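Each remark here refers to the structure printed beneath this line.
The values are calculated or read from the model by the stated rules, or taken from the named source; none is laboratory data. Small disclaimer: the values here were computed from a predicted structure and weren't measured. For neighbour counting, all protein chains shown are included, and Cβ atoms are generated from backbone atoms with ideal geometry for every residue, glycine included.
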Amino acid sequence: MKNKVIIITGAGMGLGYSAAKELASKGANLVLVDYNEKSLIDTKNEIEKDFPEVKIITVLADVSSEEAVKNYVDEAVKTFGRIDGLYNNAGIEGKQASITEYDINIFKKVIDINLMGVYYGMRYVIPVMQKQKFGRIVNVASVGGIRGVLNQTAYVASKHAVSGMTKNAALEFGRDGILTNAIAPGAILTPMVAEAFKQVNPTDPKAAETEYAQRNPTKRLGQPEEVAKLVAFLLSEDNGYISGQTIAIDGGESNIY
Ligand code: NAD
């Protein structure tokens, strides 16, 4: 990854933050994007402390805004002159409710961020990669992009769409040296998942977490660092021929029915 230029959306915490650290440790220069200014700056400062040789810029952006996405792509090109990888990671879970009770405005927000945000990212990054005849894209789906998840209809709809768009990007731009894949994490212990356990059991979220972990073949949740290693591989030249796949990283849980 030395001197590669990688954009990471949702870099302020969770999976994005972990990937930023992993990629910096491999020598990549980073464009960190988030809509939470404080966590974005904290991430940059922490990584610069550990990896001073790596060049990092931050761009404040809400990925559901087409203009904001266009701007982070422009900033990346202005600073580095190229974009080798896009980690299209920013996303939200929405609220847990059945289809008939789901708040329509929250549904639309989940679609705007999880689906449109990923689409805008590919739309504006791919032309840069086409000129270079090289690029790697990792879109973040979920096990909810492979199967249903009770009471998470907007999330599941958005993540199936991410998986579908990933297949199309692979078909349309493989000839330009651009490989596009999605990852489908199971429950990985990040702030987003901690919040989900609070919704499941507001009085004792830790109990909800322990119960959930028991369903997994490994009897534990995943760690963000484990996902970061897969992402770093998919964004690197070591991945020469994997494209259009949605790769589960879930301890085997999606095989249980
Ligand atoms: P998180 O909430 O811990 O972190 C998400 C980061 O993205 C935050 O820094 C947040 O500020 C940022 N973000 C959210 N919406 C944004 C927007 N509109 N514009 C810019 N930045 C935005 O979440 P996480 O667990 O790290 O999840 C990251 C991605 O992984 C999401 O797409 C999520 O759906 C997916 N995912 C996570 C898990 C898991 O178990 N953690 C499982 C499957 C999929």
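Suppose we filter VAL110, VAL59 for residues that are within 14 Å of the ligand (Cβ to nearest atom), assigned to a helix (DSSP H, G or I), surrounded by 19 or more Cβ atoms within 10 Å (Cβ to Cβ) and among the aliphatic types (A, V, I, L, M); which single one remains?
Step by step, each of VAL110, VAL59 is checked, and only VAL110 is within 14 Å of the ligand (Cβ to nearest atom), assigned to a helix (DSSP H, G or I), surrounded by 19 or more Cβ atoms within 10 Å (Cβ to Cβ) and among the aliphatic types (A, V, I, L, M).
Here is a check on your reading of the model: is LEU234 in contact with a Lys or Arg (Cβ under 6 Å, 6 or more places away or on another chain) and crowded, with 19+ Cβ neighbours inside 10 Å?
no
Conditions tested, residue by residue: (1) in contact with a strand residue (DSSP E or B) (Cβ under 9 Å, 6 or more places away or on another chain); (2) among the charged types (D, E, K, R); (3) part of a helix (DSSP H, G or I); (4) crowded, with 19+ Cβ neighbours inside 10 Å.
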residue: PHE173; (1), (2), (3), (4): yes, no, yes, yes
residue: ASN181; (1), (2), (3), (4): yes, no, no, yes
residue: PHE197; (1), (2), (3), (4): no, no, yes, yes
residue: PRO202; (1), (2), (3), (4): no, no, no, no
residue: THR218; (1), (2), (3), (4): no, no, no, no
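For every residue, the table says whether it meets (1) near the ligand (Cβ under 10 Å from one of its atoms); (2) closer than 16 Å to GLY177 by Cα; (3) in a loop (DSSP other than H, G, I, E, B).
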| site | (1), (2), (3) |
| --- | --- |
| GLY94 | yes, no, yes |
| VAL125 | no, yes, no |
| ASN139 | yes, no, no |
| ARG147 | no, no, yes |
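Specify the residue that is nearest to GLU237 (Cα to Cα); the eligible residues are those in the range 8-39 that are in a strand (DSSP E or B) and under 11 Å from the mean Cα position of the chain (by Cα).
Only one residue fits best here, namely ILE8.
Just checking, which of SER98, SER64 is of a type in the set (Gly, Ala, Ser), at pLDDT 95 or above and surrounded by 16 or more Cβ atoms within 10 Å (Cβ to Cβ)? First the steps, then the outcome.
Values: SER98 fails: surrounded by 16 or more Cβ atoms within 10 Å (Cβ to Cβ).
None of the other options fit; the residue is SER64.
Do you know which residues across the range 220-236 are within 12 Å of the ligand (Cβ to nearest atom) and in a loop (DSSP other than H, G, I, E, B)?
LEU221, GLN223
Can you tell which of GLU66, GLU22, GLU75, GLU46 is within 16 Å of the ligand (Cβ to nearest atom), touching a residue at least 40 places away in the same chain (Cβ under 8 Å) and more than 21 Å from GLY121 (Cα to Cα)?
Being within 16 Å of the ligand (Cβ to nearest atom), touching a residue at least 40 places away in the same chain (Cβ under 8 Å) and more than 21 Å from GLY121 (Cα to Cα) holds for just one of GLU66, GLU22, GLU75, GLU46, which is GLU22.
Hey, any hits in the range 6-15 for a residue that's more than 12 Å from the ligand (Cβ to nearest atom), surrounded by 22 or more Cβ atoms within 10 Å (Cβ to Cβ) and over 17 Å from ILE113 (Cα atoms)?
Checking the range 6-15: at least one residue is more than 12 Å from the ligand (Cβ to nearest atom), surrounded by 22 or more Cβ atoms within 10 Å (Cβ to Cβ) and over 17 Å from ILE113 (Cα atoms).
Go through the range 47-97 and report how many residues are hydroxyl-bearing (Ser, Thr, Tyr) and farther than 23 Å from THR190 by Cα.
Qualifying residue count for the region: 3.
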